[in-house]
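This report concerns only the one structure given below.
The values are calculated or read from the model by the stated rules, or taken from the named source; none is laboratory data. Because the structure is a prediction, the values reported are computed rather than measured. With ideal geometry, Cβ positions are generated from the backbone for all residues, glycine too; neighbour counts draw on all protein chains shown. Keep in mind that these areas ignore ligands, DNA and RNA; they rest on the heavy atoms of the full protein, side chains included. Shrake-Rupley method; radii C 1.70, N 1.55, O 1.52, S 1.80 Å.
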Amino acid sequence: MSAPAGTFLMNSWYMAAWDHELIDGKLTARTILEEPVLLYKGDSGKVVALDNRCCHRGAKLSNGRLEGDDVRCMYHGLKFNAAGKCIQIPGQDNIPPKLGVRSFPVVERQHIVWIWMGDPAKADASLILDIGYLESPAWRGVPDYLHYDANYLLIVDNLSDFAHLAFVHTKTLGGSEEYAFKSKPLAIERLDDGFRVERWHMDADIPPFHKKVVRNLKKVDRRNIGRMHVPGIFFLESLFAPAGNGVEKGNREGAKEYRNCQFFTPETRRSTHFFWNYLHDYNLEDPTIGLSLHDSMVQGFMEDKSIIEQQQQTLDADPEFKMNGIASDAPLAHFRRTLKKFIDEEQANGQVRHLSALQAS
Amino acid sequence: MSAPAGTFLMNSWYMAAWDHELIDGKLTARTILEEPVLLYKGDSGKVVALDNRCCHRGAKLSNGRLEGDDVRCMYHGLKFNAAGKCIQIPGQDNIPPKLGVRSFPVVERQHIVWIWMGDPAKADASLILDIGYLESPAWRGVPDYLHYDANYLLIVDNLSDFAHLAFVHTKTLGGSEEYAFKSKPLAIERLDDGFRVERWHMDADIPPFHKKVVRNLKKVDRRNIGRMHVPGIFFLESLFAPAGNGVEKGNREGAKEYRNCQFFTPETRRSTHFFWNYLHDYNLEDPTIGLSLHDSMVQGFMEDKSIIEQQQQTLDADPEFKMNGIASDAPLAHFRRTLKKFIDEEQANGQVRHLSALQAS
Amino acid sequence: MSAPAGTFLMNSWYMAAWDHELIDGKLTARTILEEPVLLYKGDSGKVVALDNRCCHRGAKLSNGRLEGDDVRCMYHGLKFNAAGKCIQIPGQDNIPPKLGVRSFPVVERQHIVWIWMGDPAKADASLILDIGYLESPAWRGVPDYLHYDANYLLIVDNLSDFAHLAFVHTKTLGGSEEYAFKSKPLAIERLDDGFRVERWHMDADIPPFHKKVVRNLKKVDRRNIGRMHVPGIFFLESLFAPAGNGVEKGNREGAKEYRNCQFFTPETRRSTHFFWNYLHDYNLEDPTIGLSLHDSMVQGFMEDKSIIEQQQQTLDADPEFKMNGIASDAPLAHFRRTLKKFIDEEQANGQVRHLSALQAS
């Protein structure tokens, strides 16, 4: 392994891919926690994750050939099964029984391929977050992927303070700078594996992404609930209701809701796989709504990406640079402390804290 | 600070920008001595230089927004005044009194923005070189900028020996290889903060850049006086007179003069901001002369730049590479010794040698 | 020298260039064993190799000017003769007798320019391999060059096992995957300075590169003999005969032969100059055969290059990556041991093993 011990939380499920990325048996190379991984779905439908380096001379198995559920290296023809065991060497009769490449536990669930990079004995599928809306007929969205040239924690930071909506995303996801000044988070709820934060903005202008798909609205009461979980998974529930209808007291008439899930999987210490979906619960028969929301999100994410990648450059240029906390940093500070505790624990005793399965609304 | 102590002379005025670069309140990012600096001219006309990294999360202030003489970070909306003090945090009532970013002393004079990267208490504006011709109606030129992928001292070296005119710039600034063989520098004058060198070339061919703008000339007597000052500022006074007129005895009839100032401000140890202007004292009503001279200089500088950047590559590839001195290296050797003495002094006792103000012709 | 002692075998002849690369006095810059080298053919026809860095300020001599058999640096005009001695400094009468740049022993023979990067006293031209077919009227080919972003030993590895023909070059140089399963190398012959390996494939499909230039063939008996020599020189003799004619018993009727020489000269630890020629012994009056073979080889080499450069990336990303040997690795393992022995010997006592001159068929 390239990354020094303690760099990443190892005993945890990370999102490795959307299921649709692996259709047609495509051999997909993806570096995860600085390990080169080969991902594919075999002919039987089984999802496989192997070290992408042939154990013979290091050629990339992702340039090889799928054969059933097995993969053949197309340098000298060694063949590996789904467990990573070498099962054929052309021109050689005896194969050393231990010859092979490392395989990683993987689980395909709710359109997500999850991978476990740590101790395989601890890979308990019951720890995987349940995200029901990803497979529910009551929700519709377009799953996608972005690559960041930045450490994943800088993306976590970004999502820990909605105030940035006002300045970074004024014309896309935010709506007005007022959001930063007039709305404040309710109490931050500290979770064992992250945090939950809720923010209301009453009688607010409609943010552009919502305005594009919902006509004839005037002012809205807006509620955002964000949750961030170790190792780097973010859920956002957004609700828009006609202003003054009393949505804060439970009146959902005319309300429209969104669910957003985001997954930050470290590629390296300074780059990140960013998976996301943004789903809506209304007018499901109209595909243009999901596509419009998708495009609005991409536009907003590109605004974040520019800032975050420049932060990474700043840190690269001067690792001594000291950040200063402000009041609204409480969530991100709690998250970093929590993640560090998890990592320290698994480093200290080789054990990993078993989280109870979490429900993502 | 990124660069190790002693890398650069800190207590000295460096050119940071031409004044015209900051018009319209443009937020300009420029790394100087390996520090990321934000430069701008506020609405009041005041020039400001701040650490370009927001003290909160390191976002670039140059992507922020000018508000009067202040700047707002467009990540979470923190606002900083011209002294670098944080004066607003959206959604937070109390601002820690010491929260802010570093500000740098700056002086705008004679179209140049000067910056002081060292101890602010020692930033004495009377130390700034006076370059009167930059604001004199008797001279005309086009100020400009080039970026070098090379240490600034390699550029200083280049200008310390006019012999290179003969070989590098034969067809642009030089005129003939004869210049290297037949002209020799008069004595090098060692200055406390650099050197002065004078070189005559009698009955010489007219160099192409001069020929383009002055018709019907035959041979010329040519005099170059160069001066190099710490930390990296070069002045060249050139005079061309009809050959044999006795210009060396004081007859200025038919003589035409040029003034050239060049400023080498380290961006990093291996890259340089190169500011320059090349002015003439005749036919001032004709703008095409200045433009032609500008283009000739750029052509010549590109010849230098190619060689100098390759030198940097050579040194990068093998830091052990040893240069060998020749006779004409006396000026550059003196300059490097002088600069080292200045740096050693400020390192030794935290004091900086106060130069008396220098007159640039 | 940049590379640490023991990185490369120093006391050995390396191919530096094809002779045609130096026609017209072209000043050619080429880094060899991490040393920047200038190569040129002087007006007298003499081939010269010098340190490409002017001893004065490190400017590249390859940007200088050829003057007879000498070269002039076009920065300050220093002139060097073919032995590297500085013979002129414009404007300076006395030249220090030891001033100059390093020169390297070179020999031009059989269209190859050989260079000796180690102790010049040991540069014995009788050690140079004789490759008669390169100048024989019985053979025709098109010499060429490729640059690899990979350590040269990864290319040596590639050529040490013909099994890769079956998988990497199925549609170009190989012909079928059967080659890997049905043909096996005869005994590997261990040489003092490398190895020899022979492989027969009877009643085989015709590989595409051969099929393109030879019509109306059905099945062939195919023989490959490969030899690899220190420091990284490969010879391949290929023979194709109509299947069942008894070529293995000496019947050469209808047989067609090829000679392939390949030279791997380290540019750096992670890049290689790859020189090669592929010659045929039939229909010599038809230039399209050589050109077609040339193109087929380039196509095949690009297949190798892709795999090999990715291997280099794998090793760069994780220097701890361990390769595992298989049976067919015997030749490459022997070669690496042999090369290491040569390097260790010259490191231990400053002596180099004098090989007897080798004949390349």
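Descriptive notes on the structure:
- Filtered residues of the range C:309-324 (kept if more than 7 Å from chain A (Cβ to nearest Cβ) and surrounded by 18 or more Cβ atoms within 10 Å (Cβ to Cβ)): C:Gln312
Yes or no, residue by residue, for (1) aromatic (Phe, Trp, Tyr); (2) buried (at least 24 other Cβ atoms within 10 Å of the Cβ); (3) over 28 Å from C:Arg337 (Cβ atoms):
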position: C:Ser126; (1), (2), (3): no, no, no
position: C:Gly132; (1), (2), (3): no, no, yes
position: C:Trp139; (1), (2), (3): yes, no, yes
position: C:Tyr148; (1), (2), (3): yes, no, no
position: C:Leu154; (1), (2), (3): no, no, no
position: C:Leu159; (1), (2), (3): no, no, no
position: C:Phe167; (1), (2), (3): yes, yes, no
position: C:Tyr179; (1), (2), (3): yes, yes, no
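- Taken together, the criteria exclude C:Arg102 from residues that are at the interface with chain B (Cβ under 9 Å from one of its Cβ atoms) and either under 26 Å from C:Thr265 (Cβ atoms) or open to solvent by less than 40 Å² (accessible area, probe 1.4 Å) (or both).
- Total residues in the range B:331-350 satisfying the condition of being surrounded by fewer than 18 Cβ atoms within 10 Å (Cβ to Cβ), more than 22 Å from B:Val168 (Cβ to Cβ) and of a type outside the set (D, E, K, R): the figure is 4.
- Looking across the range B:88-99 at every residue that is part of a loop (DSSP other than H, G, I, E, B) and not basic (Lys, Arg), the one that is farthest from the other protein chains (Cβ to nearest Cβ) is identified as B:Pro97.
- Residue list for the range A:204-221, filter: open to solvent by 10 Å² or more (accessible area, probe 1.4 Å), outside any helix (DSSP H, G or I) and of a type outside the set (Asp, Glu): A:Ile206, A:Val214, A:Arg215, A:Asn216, A:Leu217, A:Lys218, A:Lys219
- Criterion: among the polar types (S, T, N, Q) and in a helix (DSSP H, G or I) - qualifying residue of C:Gln262, C:Gln299: C:Gln299
- Members of the range A:41-54 that are surrounded by fewer than 24 Cβ atoms within 10 Å (Cβ to Cβ) and within 14 Å of chain C (Cβ to nearest Cβ): A:Asp51
- Restricting attention to the range A:155-169 and to residues that are closer than 11 Å to A:Gly226 by Cα and more than 7 Å from every other protein chain (Cβ to nearest Cβ), the residue that is modelled with the lowest pLDDT turns out to be A:Phe162.
- Restricting attention to the range B:175-193 and to residues that are in contact with a helix residue (DSSP H, G or I) (Cβ under 6 Å, 6 or more places away or on another chain) and of a type outside the set (Lys, Arg), the residue that is modelled with the highest pLDDT turns out to be B:Ile188.
- Residues of the range A:158-175 classified as over 20 Å from A:Met323 (Cβ atoms) and in contact with a Lys or Arg (Cβ under 9 Å, 6 or more places away or on another chain), total: 1
- Boolean, C:Val113 is open to solvent by 30 Å² or more (accessible area, probe 1.4 Å) and under 30 Å from C:Glu285 (Cα atoms): no
- Spans of strands (runs of 3 or more DSSP E) in the range B:17-87 with at least 1 residues under 24 Å from the mean Cα position of the chain (by Cα): B:28-32, B:35-41, B:47-51
- Filter result for the condition that a residue is aliphatic (A, V, I, L, M) and touching a residue at least 60 places away in the same chain (Cβ under 8 Å), over A:Ile115, A:Ile95, A:Ile87: A:Ile115
- Test result for A:Lys256, over 19 Å from A:Ile131 (Cα atoms), open to solvent by 10 Å² or more (accessible area, probe 1.4 Å) and over 25 Å from the mean Cα position of the chain (by Cα): no
- Close pairs (6 angstrom Cβ cut-off, 6 or more residues apart or separate chains): at negative phi in the range A:25-52, of a type in the set (Phe, Trp, Tyr) anywhere: A:Leu27/A:Tyr40; A:Val48/A:Tyr40; A:Ala49/A:Phe104
- Odd one out for C:Ser296 among (1) of a type outside the set (Lys, Arg); (2) within 14 Å of chain A (Cβ to nearest Cβ); (3) open to solvent by less than 30 Å² (accessible area, probe 1.4 Å): (2)
- A single entry from A:Asp19, A:Asp24 fulfils the requirement of being charged (D, E, K, R) and modelled with pLDDT under 95: A:Asp24.
- Flag if B:Arg270 is open to solvent by 20 Å² or more (accessible area, probe 1.4 Å) and in contact with a helix residue (DSSP H, G or I) (Cβ under 7 Å, 6 or more places away or on another chain): yes
- Checked against the criteria, C:Ser328 does not count as on the phi > 0 side of the Ramachandran plot, open to solvent by less than 80 Å² (accessible area, probe 1.4 Å), hydroxyl-bearing (Ser, Thr, Tyr) and modelled with pLDDT under 95.
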